[in-house]
1. Against the conditions (1) surrounded by 14 or more Cβ atoms within 10 Å (Cβ to Cβ); (2) modelled with pLDDT of 95 or more, where does PRO317 fall short? Just the number, please.
2. So VAL227 ticks every box in (1) touching a helix residue (DSSP H, G or I) at 6+ places or on another chain (Cβ under 7 Å); (2) within 20 Å of GLN104 (Cα to Cα); (3) among the β-branched types (Val, Ile, Thr) but one. Which box is left unticked?
3. Among the residues of the stretch 176-185, is there at least one that is of a type in the set (S, T, N, Q), crowded, with 21+ Cβ neighbours inside 10 Å and closer than 14 Å to LEU306 by Cβ?
4. Among the residues of the stretch 210-251, how many are surrounded by fewer than 17 Cβ atoms within 10 Å (Cβ to Cβ) and within 28 Å of GLU325 (Cα to Cα)?
5. Is there any pair linking a residue in the stretch 79-95 that is on the phi > 0 side of the Ramachandran plot to one that is part of a helix (DSSP H, G or I), with Cβ under 7 Å and at least six apart or on different chains, and which?
6. Scan the stretch 322-337 and give yes if some residue there is over 25 Å from GLU228 (Cα atoms), surrounded by fewer than 18 Cβ atoms within 10 Å (Cβ to Cβ) and either of a type in the set (Ser, Thr, Tyr) or more than 16 Å from the chain's Cα centre (by Cα) (or both), otherwise no.
7. Quick one: which residue in GLY76, GLY63 is farther than 27 Å from ARG33 by Cα and in contact with an Asp or Glu (Cβ under 8 Å, 6 or more places away or on another chain)?
8. Among (1) surrounded by 15 or more Cβ atoms within 10 Å (Cβ to Cβ); (2) without any contact (Cβ under 8 Å) to a residue 40 or more places away in the chain, which single condition is LEU272 missing?
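The values are calculated or read from the model by the stated rules, or taken from the named source; none is laboratory data. Note that the coordinates shown come from a computational prediction; the quantities given were computed from them, not determined experimentally. Cβ sites come from the backbone with ideal geometry, for glycine too, and all protein chains shown count toward neighbours.
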Amino acid sequence: MNRLDSMPACVLFSLMVVLLLYLHGCTHTAPFRDSQGRVVPGSIAVMETISIGGIPQHLWFRGIDTHNPTLLILHGGPGASEAALYRHFNSELEQHFLVVNWEQRGTGRSFHDDIPSGSMTIAQFLLDLDEVVELLRKRFHKNNVVLLGESWGTALGTIYSFQYPEKVAAYVGIGQVADMPQGERLSYDYALRQATAANNEKAAKELNAVGPPPHTVDEMLISRRWVERFGGSFHADLSTGKLIWAALNTDEANLIDLILFGRGNRFSLEHLWPEFSQLDLTAYTTFAMPIFFLIGRYDWQVPAILAASYFHTIEAPYKRLIWFERSAHHPPFEQPEEFNRAMIKDVLSILWRSSEHAWRSARPGTEP
């Protein structure tokens with residue numbers, strides 16, 4: 001008999017709780033250092049929990065120079081934090097932007113058992129987003145921020161950019177949502193079509209069992225699983241498992257975050273899916289800031305063809321659609337070098353041409 005076998009269950013449970021709490025506290029984000037090992041003046045590398053909308057929410061701040069334009073990342077899901085993935089695949093952005101990852105209410109370290117279910121609405125998330133934006137504007141002396149939305153995050157980013165144009169320097173949509181009901185139908189049809197073409201009886205049976213949308217959360221997850229299996233979520237050599245491994249290999253995430261991710265993702269989906277699945281963003285067509293859609297050619301999770309069609313209806317001072325030819329739903333992680341280049345060479349260059357970017361007053365006369 002080993003020592004674990006001889007321990008009382010209550011003692012073993014207590015040790016496990018202590019271990020998990022220890023792991024939870026072990027995560028950190030490394031400071032920016034120069035060649036002499038000194039922390040770079042004016043840089044920031046912190047993870048903080050801040051009260052947003054009356055509940056504690058987790059934010060990551062990283063940038064070699066806080067005077068750089070602020071890039072606020074609105075993750076997908078709902079309830080699917082991607083902060084560690086942006087650290088792993090896209091840390092180059094931190095040399096050019098002040099990168100802020102916000103784990104929204106019900107997500108990751110912002111998941112709590114006592115979050116009121118009635119607060120899980122798009123309207124409340126937009127209020128939370130406005131609090132975050134105001135925090136960034138005041139703390140870093142900015143007029144506005146760049147919003148980067150991915151998948152579910154594009155719903156928040158699109159609506160917020162439309163409602164608060166004075167606070168948004170530019171909007172970037174990845175896996176851009178357009179008409180959710182139509183997109184869900186196309187996504188399901190894609191999976192069923194691929195199952196038939198591949199003569200995959202298991203896939204066809206499961207998809208036919210749930211039938212076409214509208215779907216419950218569980219039915220949607222079945223459809224999504226087969227969309228992913230048939231290359232509509234990831235193209236080439238990427239998978240959910242590889243993304244999990246990439247996240248766990250950062251300093252900022254560990255196994256407790258994986259547990260929180262699962263709990264928060266399910267909680268968020270259960271409460272937000274009924275509203276999100278019926279959302280149609282195509283009514284939002286006029287914007288006062290530059291608009292960028294960065295879209296994977298093979299995206300059938302949130303069908304790229306609908307995002308492209310929506311893009312062509314948009315009026316903005318500047319707009320650009322950039323296709324990622326080896327990506328599906330996740331260009332930042334499927335083609336990280338190309339994605340980073342697009343953010344730096346395309347998005348940032350347009351911001352510097354603008355006469356109203358937030359950081360010019362703080363750094364007069366500077367150019368990238």
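1. (1) is the only condition that PRO317 fails.
2. Status for VAL227: all satisfied but (2).
3. Yes - at least one qualifying residue is present in the stretch 176-185.
4. Total satisfying the criteria: 13.
5. GLY79/GLY264; GLY79/ASN265; GLY79/PHE267; GLY79/SER268; GLY79/LEU269
6. no
7. Unique residue meeting the criteria: GLY76.
8. Of everything listed in (1) surrounded by 15 or more Cβ atoms within 10 Å (Cβ to Cβ); (2) without any contact (Cβ under 8 Å) to a residue 40 or more places away in the chain, LEU272 misses just condition (2).
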